[in-house]
Each structure stands twice: as C-alpha cells, then as structure tokens.
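The values are calculated or read from the model by the stated rules, or taken from the named source; none is laboratory data. Because the structure is a prediction, the values reported are computed rather than measured. A quick note on method: Cβ atoms are made from the backbone with ideal geometry, for glycine too, and the neighbour counts reach across all protein chains shown.
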Amino acid sequence: MAVTAKTIDLSVDLGFLGLRNPVLTASGTFGYGLEFEPYLDLEKLGGIVVKGLFYKPREGNPPPRLVETASGLINAIGLQGVGVEAFVAKVLPKLRSIGTPIIVNVCGADEDEYAAVVEYLDKQEGIAGYELNISCPNVKKEGLCPALSPQPTFDLVKRIKAASRRPLITKLSPNVTSIVEIAQAAEEAGTDAVALVNTFLAMAIDLETRRPKLGNVYGGLSGPAIKPIALRMVHQVASRLEVPVIGMGGIMTGTDALEFLVAGASAVEVGTASFVDPDAAARIVDEIRRWCEAHGVAAVRDIIGTLKTT
C-alpha cells in the first residue's frame, strides 16, 4: 500500500497520554494557548503546554526582558502569570472546549507551593498532565533552580508525584555537567516523562552604556543557536532512561522536529519559533507529514530512536 498524506499515522503514545501528533507547544512561548487562536487551529496540535503557573499571580522581572541574539533569543520574563485561581476561573473553561490535550506547567518558590498548585489543579477537569518546571534559569539572577543537582530534583519530583493524581513530566535544565544524572534522579523519583532542554543561562551587554541589556542581568537563551546541544542532551537521556523524553531546543521546522525524534524523543515542544511565526507549531506538523510521505514512512513513531551511531 502506497504511503500518502492521508494514510500517514502521526500519532505517538507517551504511555500515559496518546497524542494525535508529536508536536506540542513549549511553555512560556504560547501564552495560555487561547492567544494563538487567531493564527492557527489549536486542534491540529499534539498538545498545548500552557504558561507556567505559581499559586498566586506573579509580575515577573523588571524590563527589559527580551533580547534578540545571533540565531537566538534571551528572555528574562521571570515566569509572569495569572496564578491558579484566575487560570481555573477564566482560562481553563475555554481550553476544555479545544480537542487538544492541555498540560499545565507548574511552578513554585518552594516545595510547598509546587504541591499547592498541583493540589488545587487536581480538583479541576480538563487537564491531561503537569509539566514540573524545576529548571527555569531567569527567575533568580544566578539561574539557581532545583534541576541543577540530582538530590533536589529527586526530592521535589517525589513530593509532587505523591501529591498529584495526574501524569507528571519533569522539565530539565541544560545548565548542568551531567544531564543524564539529573534525568535518572527524576525517573527514580517517579516522573512519568522528562522534557528537555529548558533555556541556557546567558547574558547580553550594551557596549555603549556598559550595562546588561536585561533588567535581570541574566536570562535564558533559546532558539536555533541551542539546537545542536539540545539534540545531544536528548540523545544522551533517551539512551539511558525508560520513561519517554520530550525534546525541545531551537525547533523551527519539521526537519528539526524529526531530528529530535530520531535522537530518541517521543514528542517535541516548539517554543521560540512561535514568536517568529505564530503558526509555527501547526506548520511543523504539516512539514512532518510531508517528509513522511516523501520518505515512505507510514507511521512517524517508527523513526523514534533510530539514530545510527555505529
């Protein structure tokens, strides 16, 4: 039977969640999803990972908060958000009407706040899972976060997994010596999947004023500049863990996304590309389909983890 665009199966199975295709949106780059309704059909996406939520509303960092760099973007938004109560009252009811899995990125200043966010959201319907954000480098000036060491990662993941009735995806930081060690700690603590990589701690300087271009001094670098490193880390982690890996980092095209799948990711998240092209995530789904058709691939899941290194 010939492979055609209509017969190609783009679905993937994370074990705890089936997706119509492997393309999700990355937290912090897609708002709460509804902001992008004028630009693309949200039901074409595999999933939507909403902007990070603390328990209470959060203003984020002082401006300036974004700096464009060569092949990338540095952000120091500081996880600005509406808080769980406003999210549940004003946003979640509208998201429920979309036929796409909704994953909530969960934040906290300490373990108690992470747990409080999850416990509050556990009472609501219409959420497919949580992405535990323990790796954002632009909240504190030195980029400190639990995901920089195995033990804090283990402790927090174990605490939140025990507090939650839903699947847990742990989002990891690339700002470490051995990301495999951190990922293994998350797996041992019970996470259902890991997502990597978050942004790289970075800075930009205004030479004329000799001052940082960001109000927070440091921020997180994303975009095409980080893709080769992200690919390497995804391959290393996927080769050593049993739980699924969701890959991200500089994905701008369907080809980029497919490379992450070949490296071992079961799904991908599209982030910075949405700033350049609001339709990027849906376009990437179409580009994956066209590549599969051109290469006679009947099911995209068949290429996951097929990298040849020998």
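Considered as a group, the residues in segment 1-28 that are at pLDDT below 95 and more than 19 Å from the chain's Cα centre (by Cα) include one that is surrounded by the fewest Cβ atoms within 10 Å (Cβ to Cβ), and that residue is 1.
May I ask you to verify whether residue 8 is touching a helix residue (DSSP H, G or I) at 6+ places or on another chain (Cβ under 7 Å) and over 28 Å from residue 226 (Cβ atoms)? When the stated conditions are applied, residue 8 passes them.
Taking the options 52, 33, 15, 46, name whichever one is touching a strand residue (DSSP E or B) at 6+ places or on another chain (Cβ under 7 Å) and farther than 18 Å from residue 99 by Cα. Working first, answer last.
On the way: 33 fails: farther than 18 Å from residue 99 by Cα; 15 fails: touching a strand residue (DSSP E or B) at 6+ places or on another chain (Cβ under 7 Å); 46 fails: farther than 18 Å from residue 99 by Cα.
The conditions single out 52.
The conditions of being surrounded by fewer than 24 Cβ atoms within 10 Å (Cβ to Cβ), in contact with a strand residue (DSSP E or B) (Cβ under 7 Å, 6 or more places away or on another chain) and not in a helix (DSSP H, G or I) are not met by residue 268. Would you check which residues across segment 13-35 are on the phi < 0 side of the Ramachandran plot and not hydrophobic (A, V, I, L, M, F, W, C) and list them? The answer is 13, 18, 20, 21, 22, 25, 27, 29, 32, 35. In this entry, residue 284 is excluded by the filter for residues that are touching a residue at least 60 places away in the same chain (Cβ under 8 Å), crowded, with 16+ Cβ neighbours inside 10 Å, under 26 Å from residue 131 (Cα atoms) and touching a Leu at 6+ places or on another chain (Cβ under 7 Å). Scanning segment 287-310 for residues that are assigned to a loop (DSSP other than H, G, I, E, B), free of Cβ contacts under 8 Å to residues at least 24 places away in the same chain and closer than 15 Å to residue 259 by Cα turns up 295, 308, 309. Counted as qualifying within segment 1-101 are the strands (runs of 3 or more DSSP E) with 2 or more residues that are closer than 23 Å to residue 265 by Cα, namely 23-25, 47-53. Among residues of segment 137-160 that are part of a loop (DSSP other than H, G, I, E, B), those with a Cβ under 9 angstrom from a residue that is at pLDDT 65 or above and of a type in the set (Lys, Arg), sequence gap 6+ or separate chain, pair up as 138/65. Of all the listed residues (191, 209), the sole one being more than 17 Å from the chain's Cα centre (by Cα) and either within 18 Å of residue 150 (Cα to Cα) or assigned to a loop (DSSP other than H, G, I, E, B) (or both) is 209.
The numbered conditions (1) of a type in the set (D, E, K, R); (2) more than 18 Å from residue 180 (Cα to Cα); (3) surrounded by fewer than 22 Cβ atoms within 10 Å (Cβ to Cβ) are all true for residue 242 except (2).
Residue 198 meets all of the listed conditions (1) surrounded by fewer than 20 Cβ atoms within 10 Å (Cβ to Cβ); (2) polar (S, T, N, Q); (3) touching a residue at least 60 places away in the same chain (Cβ under 8 Å) but one, namely (1). Within the option set 120, 114, being surrounded by fewer than 20 Cβ atoms within 10 Å (Cβ to Cβ) and hydroxyl-bearing (Ser, Thr, Tyr) holds for one residue only, 120. The set of residues from segment 212-236 being under 23 Å from residue 59 (Cα atoms) and without any contact (Cβ under 8 Å) to a residue 24 or more places away in the chain comprises just one member, 212.
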